[in-house]
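*Asks:* I am attaching a structure below and will ask some questions about it afterwards.
Coordinate-derived values only; no laboratory data. Since the structure is predicted, the reported quantities are computational estimates derived from the model, not experimental observations. Positions of Cβ are backbone-derived with ideal geometry, glycine not excepted, and every protein chain shown enters the neighbour counts.
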């Protein structure tokens, strides 16, 4: 399969297929395939350095696949551990100190889920009950706790909407013999619509704050004391005191102004090509993955600003700009609702009509088509603007904003979150820090040097996707990249830094060597 590589050293020049001098690049080593297409055959992976094994969540089979990557060029399936007795699906997985933790949602997703603990051979160690729909989990750096983001989405009719929360599981004594006494819950009950920042989105008016907030992803401080949790639909961040199991703050992430220079987007699939420009639209950052790193003794947070929405049959906030009634005072004599302009762009019905007169003064789109760096208080330090769409447009001018399920889909995702940055991980090589950002739709991995948080440098874009072959035939490479792992050289099976990428649409796990 053809691994395409694109290097974009700066806004003034494009350079194909050459690494930036003095920087790293990714070299594809090998791929394991579940041969499961578009059914989450491999969504999230975890890596154990002692056994050189990867533990991959196989949602289709409701199992954990254990791969041997002692030869990273040839990942091999060792065994598959069924999770059927524990619930519906494995949503996330992590491993530390020989303990594998798996977040398993209930077969009725609005009911409490479980975290199941295994050893690295797949043998059951224990389990505990957590909140509804545990969507992500992570070990604290000291290995004493497991934090779980309980997303708690509603049922399809939105007649049942459980409260979101963060479970904190004490495993300092090991994973055997765990009871519910080992579990604490950081919830949102203390927050009301009157005491939170009004920019934090409460999408369903009849919900309490706790019902509406849906924790998505967690980053943890190096001292294992603080967690930062993305609240994707709410466009907010929760800051958690881990020892006291308390959400101490909710932080609105604000909005991106697409009318500003360098903040363009392509909002239409009916405009005849790649047209990245400025428009009177606000983007909700709504990050999915989040990672933390330290520079100069200060903690910074990196987010992949994917975007998400409530679009259940019983509570759907999504519409197109063409379907809204615009306030003529805000958009005088405007033709922006034409299909070739903003008409096709998907936006929310919840925000934008501040005085509730049925006329929208502002337009709010899902996600920001970017990645961002924030300080520990949730204040923005850097945002990548329209670089992600510019880079992918230059690399694939005839595949721009393609979907992850079909190769003949040019421009299809332009009205809906564009390349959709979702996965993100940071890694350190010597004195340099790098961010690896995966694009869910067109695919591929962007590499940025983030050593100076305020001025990241783009390094390269690598996409292990073959646009000339059928996506359903298992020969088109990696599709729908989701989870990523950075493996330091000291832990790697070949003694060199690696990146491990899980791809939910193609059902593949690929290994990359980080070449300096």
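*Asks:* At a 10 angstrom cut-off on C-beta neighbours, averaged per residue, how do the peptides 497-504, 483-490 rank from highest to lowest?
*Replies:* 497-504, 483-490
*Asks:* Provide the packing ranking of 67-75, 84-92, i.e. peptides ordered by the mean count of other C-beta atoms within 10 Å per residue, highest first.
*Replies:* 84-92, 67-75
*Asks:* So, one more: Please give the calculated 222 nm ellipticity per residue for the chain, where each DSSP H segment of at least 4 residues contributes -39500 (n - 2.57) and the sum is spread over every residue; nearest 500 deg cm²/dmol?
*Replies:* Estimated from H runs of four or more residues: -500 deg cm²/dmol.
*Asks:* Taking Cα pairs under 8 Å and at least six residues apart, what relative contact order does segment 83-252 come out at, in percent?
*Replies:* Rounded, it is 16 percent for segment 83-252.
*Asks:* How big is Rg to Rh over the chain, alpha-carbon atoms, Rh as the Kirkwood inverse-mean-distance radius?
*Replies:* 0.95
*Asks:* Here is a follow-up. When every alpha-carbon pair in segment 83-252 is counted, what percent end up more than 26 Å apart?
*Replies:* For segment 83-252, the share of Cα pairs beyond 26 Å comes to 24 percent.
*Asks:* Let me ask something additional. Can you give the direction-averaged projected area of the convex hull of the alpha-carbon atoms in segment 16-87, in nm²?
*Replies:* Result: 7.1 nm².
*Asks:* Report, as a whole number in µm² per second, the diffusion coefficient that Stokes-Einstein gives for segment 236-387 at 25 °C and 0.890 mPa s using the Kirkwood radius over alpha carbon pairs.
*Replies:* Value of D from the Cα-based Kirkwood radius: 144 µm²/s.
*Asks:* A further question follows. By average Cβ neighbour count within 10 Å, what is the ranking of 447-455, 179-187, 129-137 from highest down?
*Replies:* Descending mean neighbour count gives 129-137, 447-455, 179-187.
*Asks:* Here is a further query. Return a whole-number percent for the relative contact order of the chain, with Cα pairs under 8 Å and 6 or more residues apart as the contact set.
*Replies:* Value for the chain: 16 percent.
*Asks:* A follow-up question, please. When the Cα atoms of segment 327-367 are enclosed in a convex hull and the volume is divided per residue, what value in Å³ results?
*Replies:* Spelled out: Cα convex hull of segment 327-367, divided by residues, is 71 Å³.
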